[in-house]
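To start, the structure under review is shown below, and the notes come after it.
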């Protein structure tokens, strides 16, 4: 199989008239979601668990099996109790979150460009699977996609040769800043073309999914870079992969763009519902935690529980910025007594108990998990 040669951007054969109805619907759904986000005070606190879930799902598409509960436990506990075989998968998710946080800071000074992608890739593969695959550097050799260990002759897709790849990457970067007729269609092309170019030896899928919220944020379609699209891609995994594959096999860009616009529309609706649920939970808990604890630090405690809904008891006073450990312990006892908090793991020896905030975790997952 010969290496694929990507189309030059911008595409000149898009049937815009055929796309108009979906463009309108997807943009309206995204605008409603952004309007909801703008009403959220301190979204970094309230929506922190959603960012964990996005990282979990994006990594799961690549074959990892970690759960949101496992990731939150590791973040609460530095992972000492987790088996080594599981730790790398969980660390991949943590790296994904760290890369997204770093991206927001980088985009304050740089546009979305190849330099940014290399920085994010270096974080993503830091000390995990693929760490030997030149993190932060574009490939200099030919790679291919197929069953593990298969020769290039049996590959399902052979990305561009290195010299063609470099040219395509610069064209891709220029297109990111091109004034396209519609930004969501442009994003569909940006994401797919990046994955077709496949410039890294590993991690291309995860970087490709990161591009969605980062592009929406940079183009000011979203106030915050918080758009959780991996849920839709995982639920429609076969079509997701098939539509991307059809671009290289049949040149079917329209099929991919339609699929992507549907993903934006449906996920914007799902995201809006989840954010509304989290805001409602915060509002209800704000009154309830104050009533139960009778403490001037009730909001400190609540914000800490939303930021990190699984945590080790001994560090709660630090994560909540409650000045006294005694006061923090008193608040925790009160919340445990009324089942707002639940003990996941009892303490023992020098290790204090691990607690969780079940209402938030179950809301984010859409099912009872704790």
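The values are calculated or read from the model by the stated rules, or taken from the named source; none is laboratory data. This is a predicted model, so every value here is computed, not measured. Backbone-built Cβ (ideal geometry, glycine too); neighbour counts: all protein chains shown.
Considering every residue within the range 146-166, establish whether at least one is farther than 25 Å from residue 255 by Cβ, touching a helix residue (DSSP H, G or I) at 6+ places or on another chain (Cβ under 9 Å) and modelled with pLDDT of 95 or more.
No.
For residue 278, are the conditions met, namely being assigned to a helix (DSSP H, G or I), touching a strand residue (DSSP E or B) at 6+ places or on another chain (Cβ under 9 Å), in contact (Cβ under 8 Å) with a residue 60 or more places away in the chain and not assigned by TED's automatic domain parsing to the domain that holds residue 55? Working first, answer last.
Values: assigned to a helix (DSSP H, G or I): yes; touching a strand residue (DSSP E or B) at 6+ places or on another chain (Cβ under 9 Å): no; in contact (Cβ under 8 Å) with a residue 60 or more places away in the chain: yes; not assigned by TED's automatic domain parsing to the domain that holds residue 55: yes.
No; evaluated as a whole, the condition is false for this residue.
Could you list all residues from the range 319-328 that are buried (at least 16 other Cβ atoms within 10 Å of the Cβ) and more than 27 Å from the chain's Cα centre (by Cα)? Spell out how you get there, then give the answer.
Step one: of the range 319-328, the residues buried (at least 16 other Cβ atoms within 10 Å of the Cβ) are 319-320, 322, 327-328.
Answer for the range 319-328, where residues must be buried (at least 16 other Cβ atoms within 10 Å of the Cβ) and more than 27 Å from the chain's Cα centre (by Cα): 322, 327, 328.
Conditions first: (1) out of contact with any strand residue (DSSP E or B) (no Cβ under 9 Å at 6 or more places or on another chain); (2) touching a residue at least 12 places away in the same chain (Cβ under 8 Å); (3) surrounded by fewer than 17 Cβ atoms within 10 Å (Cβ to Cβ); (4) closer than 18 Å to residue 293 by Cβ. Residue 336 passes all but one, so which condition is the exception?
It fails just one condition, (1).
Output the residues belonging to the range 285-318 that are under 25 Å from residue 68 (Cα atoms), over 27 Å from the mean Cα position of the chain (by Cα) and not assigned by TED's automatic domain parsing to the domain that holds residue 330.
Result: 286, 289.
Would a scan of the range 22-34 turn up a residue that is over 24 Å from residue 236 (Cβ atoms) and not assigned by TED's automatic domain parsing to the domain that holds residue 319? Write out each step before concluding.
Of the range 22-34, the ones over 24 Å from residue 236 (Cβ atoms) are none.
Within the range 22-34, none of the residues are over 24 Å from residue 236 (Cβ atoms) and not assigned by TED's automatic domain parsing to the domain that holds residue 319.
Just checking: which of the helices (runs of 4 or more DSSP H) contained wholly in the range 34-93 hold 2 or more residues that are at pLDDT 90 or above and more than 15 Å from the chain's Cα centre (by Cα)? Show your work before the answer.
Values: elements: 43-46, 48-61, 68-77.
Passing ranges: none, list empty.
Tell me which of these residue 62 doesn't satisfy, since it passes every other one: (1) touching a helix residue (DSSP H, G or I) at 6+ places or on another chain (Cβ under 8 Å); (2) crowded, with 17+ Cβ neighbours inside 10 Å; (3) touching a residue at least 40 places away in the same chain (Cβ under 8 Å).
Among (1) touching a helix residue (DSSP H, G or I) at 6+ places or on another chain (Cβ under 8 Å); (2) crowded, with 17+ Cβ neighbours inside 10 Å; (3) touching a residue at least 40 places away in the same chain (Cβ under 8 Å), residue 62 violates only (2).
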